[in-house]
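Student: For reference, the structure I am asking about is given below.
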Amino acid sequence: MRYPCKCGKTLSNTQAPNDIELSVFTDREWDDVINIGMIDSGDLPDPKYFVWRCPDCERIYVFDGSRLVKYYVPHSLEELAGE
């Protein structure tokens with residue numbers, strides 16, 4: 001799948017491994033994976049959401065399947081210090 005980042009970079013997860021797609025599980029989901037023993041079998045489930053990070057601007061995109069549901073824009077720590 002390909003997706004255009006707001007910064008202009010085209011993000012893609014077609015190459016494996018890649019630096020775009022992150023494997024993100026909630027703590028509860030990960031606890032289920034461990035308790036069911038999926039780590040030992042190597043049969044990890046897909047996370048509920050797919051999370052991508054742009055390597056240029058570091059925006060985070062959250063997909064439900066192939067549908068974008070949210071995106072996050074990073075802010076500098078200096079911006080927080082000015083509050």
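The values are calculated or read from the model by the stated rules, or taken from the named source; none is laboratory data. Owing to the predicted nature of the structure, the values given are computational and were not obtained by experimental measurement. Positions of Cβ are generated from backbone atoms using ideal geometry, with glycine treated the same way; all protein chains shown enter the neighbour counts. Surface areas here come from the heavy atoms of the whole protein model, side chains and all, with no ligands, DNA or RNA. Shrake-Rupley method; radii C 1.70, N 1.55, O 1.52, S 1.80 Å.
Student: Which trypsin sites (Lys or Arg not before Pro) from the range 1-35 combine a DSSP loop assignment with at most 11 other Cβ atoms within 10 Å?
Tutor: Lys6
Student: Using a probe radius of 1.4 Å on heavy atoms only, what accessible surface per residue do you get for the chain? Whole Å² is fine.
Tutor: Solvent-accessible surface per residue comes out at 76 Å².
Student: Also, quick follow-up: Leaving ligands, DNA and RNA out of it, work out the accessible area of Glu78 with a 1.4 Å probe and give it in Å² to the nearest 10.
Tutor: 140
Student: Give me the percent of the accessible area of the chain that comes from carbon and sulfur atoms, probe 1.4 Å, all protein chains in place.
Tutor: Its accessible area is 49 percent carbon and sulfur atoms.
Student: Tell me the relative contact order for the chain as a rounded percent, counting alpha carbon contacts under 8 Å between residues six or more apart.
Tutor: Normalised by residue count, the contact order of the chain is 22 percent.
Student: Separate question: What area, in nm² and to one decimal, does the C-alpha convex hull of the chain cast on average over all directions?
Tutor: 7.4
Student: Kindly write out, for the range 48-60 in residue order, the coupling ³J(HN,Hα) from the Karplus curve 6.51 cos²θ - 1.76 cosθ + 1.60 (θ = phi - 60°), rounded to whole Hz, with x marking Gly and Pro.
Tutor: 4, 10, 9, 10, 10, 10, 6, x, 8, 9, 6, 4, 10
Student: In whole Hz, what ³J(HN,Hα) sequence does the range 23-34 give by Karplus (6.51, -1.76, 1.60; θ = phi - 60°), x for Gly and Pro?
Tutor: Once θ is set to phi - 60°, the couplings for the range 23-34 become 9, 10, 10, 5, 4, 5, 4, 5, 4, 4, 4, 5 Hz.
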